[in-house]
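One structure is given below, encoded as structure tokens.
The values are calculated or read from the model by the stated rules, or taken from the named source; none is laboratory data. Since the model is a prediction, treat every value here as computed from it, not as a measurement. Here Cβ is always computed from backbone atoms with ideal geometry, including for glycine, and neighbour counts include all displayed protein chains.
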Amino acid sequence: MGTEAEGDYWSIVETAYRSISVHQDPAAFLEQLAGATRVERVLLPAHWCQSEVLNGGLWQFFMNSTGVLCPEAIEAYGALGMPKLSSVLKDAASWFGPEYPRAKKDRRSMLSLAGWGRPQKGKPFSSQTKLFLKLHDSESGGFLAAADGFAGRT
């Protein structure tokens with residue numbers, strides 16, 4: 001996917017994958033993330049989030065294990081110089097209420113209770129997903145440029 005060249009965010013994310021798992025409970029994830037470098041704490045959440053959204057929209061991100069890192073992804077996009085993208089993600093996450101549920105089962109339960117247990121055209125999060133995708137490709141030169149630039153500066 002990427003090269004080992006300086007500024008290539010993927011080489012940092014690839015290393016962080018080995019030590020930080022989104023597939024465990026939220027406490028384990030947060031403990032692992034706390035032990036990471038600042039650049040890993042920014043690039044891994046941003047990467048996971050954009051990967052899920054590109055694959056299946058914000059609904060998929062929230063339904064999957066990767067949703068555990070939503071608060072970190074919101075901060076990460078700001079750190080990458082993508083404040084509009086950060087704002088879109090924050091807006092979508094606000095659907096869950098003032099305290100974001102890190103546990104996948106809690107997010108899934110909330111979405112199922114709202115009738116959103118399965119993806120539907122137009123719902124949920126479709127307008128935010130469209131805006132996320134647009135900003136992902138354009139804000140600060142696009143995600144790849146912003147992430148590589150951040151990796152090169154830190």
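Quick notes on this one:
- Test result for Leu131, closer than 21 Å to Val88 by Cα and at pLDDT 95 or above: yes
- Unmet criterion (only one of (1) in a loop (DSSP other than H, G, I, E, B); (2) in contact (Cβ under 8 Å) with a residue 24 or more places away in the chain; (3) surrounded by fewer than 18 Cβ atoms within 10 Å (Cβ to Cβ)) for Val22: (3)
- Residues of segment 25-58 that are assigned to a loop (DSSP other than H, G, I, E, B) and modelled with pLDDT of 95 or more: Gly35, Ala36, Thr37.
- Of the residues making up segment 56-87, just one is surrounded by fewer than 22 Cβ atoms within 10 Å (Cβ to Cβ), more than 12 Å from the chain's Cα centre (by Cα) and within 26 Å of Gly115 (Cβ to Cβ), namely Gly56.
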